[in-house]
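Below: one structure, written as structure tokens.
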Amino acid sequence: MTISRNFCLALVLALLGWLLIGCNTEIIVQKDPTQAATVGDYKITGTVSYTINGIMSSSAISGTLTVFAGESPEACYFLEKLTGFNQLGYLATFAGQNFIVGTAQESTKYQSTTYYGMQNGNGKMSPNRIEVDRYANTNSVGLTSPAGEHIGFYMAIRKHVHIVATKQL
């Protein structure tokens, strides 16, 4: 009886091993091909326009835009490096070729004061080209004294950044 019990146990173990060897699970992670085409460096040309106390001015801008893959196929992270400006990073959420610019803090330096505000905007993506319009009311600066008193500076400032970015191949 001991021999048949050991024989049955060996047979069961052999069958289990054979089943485990035969069951090979392979996981393939495949990136979204549209997002992969989007990722990379782009050359920026465009304009930045300011309306300060009702007076409008604009100037040409240049720089680079680097696009990073987001956590989902509908999102990418944009990092703008405009010549003469601080770099600005923000999330872009896609719906087809159109996207919405995520909220980020934007600034405008006027005379010796830097004013801040939150941006919003939208854009459109086509093969090897991204077009973005960002808007912000960068019209406030706030200071809090050691005593807790809040002092605010305000000026009517509206900022519009229009960017055309072409893929660097």
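The values are calculated or read from the model by the stated rules, or taken from the named source; none is laboratory data. Just so you know, these numbers come straight off a predicted model, no measurement behind them. Every residue, glycine as well, gets a Cβ built from its backbone with ideal geometry; the counts of neighbours run over all protein chains shown. Just so you know, the surface numbers come from the protein's heavy atoms only, side chains and all, with ligands and any DNA or RNA stripped out. Shrake-Rupley method; radii C 1.70, N 1.55, O 1.52, S 1.80 Å.
Just to be sure I understand, how many residues within segment 115-169 are open to solvent by 40 Å² or more (accessible area, probe 1.4 Å), without any contact (Cβ under 8 Å) to a residue 12 or more places away in the chain and among the small types (Gly, Ala, Ser)?
Result for segment 115-169: 3.
Could you list, in sequence order, the residues of segment 65-94 that are of a type in the set (Ser, Thr, Tyr) and open to solvent by 50 Å² or more (accessible area, probe 1.4 Å)?
Residues satisfying the conditions are 77, 83, 93.
Return the residues of segment 56-88 that are among the hydrophobic types (A, V, I, L, M, F, W, C) and closer than 14 Å to residue 43 by Cα; say none if nothing qualifies.
Selection gives 60, 61, 65, 67, 78, 79, 82.
Name the single residue, out of those in segment 137-169 being part of a loop (DSSP other than H, G, I, E, B) and in contact with an Asp or Glu (Cβ under 8 Å, 6 or more places away or on another chain), that is farthest from residue 68 (Cα to Cα).
Looking at the filtered set, the residue picked out is 138.
Identify, by number, the condition in (1) modelled with pLDDT of 90 or more; (2) more than 17 Å from the chain's Cα centre (by Cα); (3) not hydrophobic (A, V, I, L, M, F, W, C) that residue 123 doesn't meet.
Every listed condition holds for residue 123 apart from (2).
Evaluate the following for residue 103: is it of a type in the set (Val, Ile, Thr), over 19 Å from residue 66 (Cα atoms) and open to solvent by 70 Å² or more (accessible area, probe 1.4 Å)?
no
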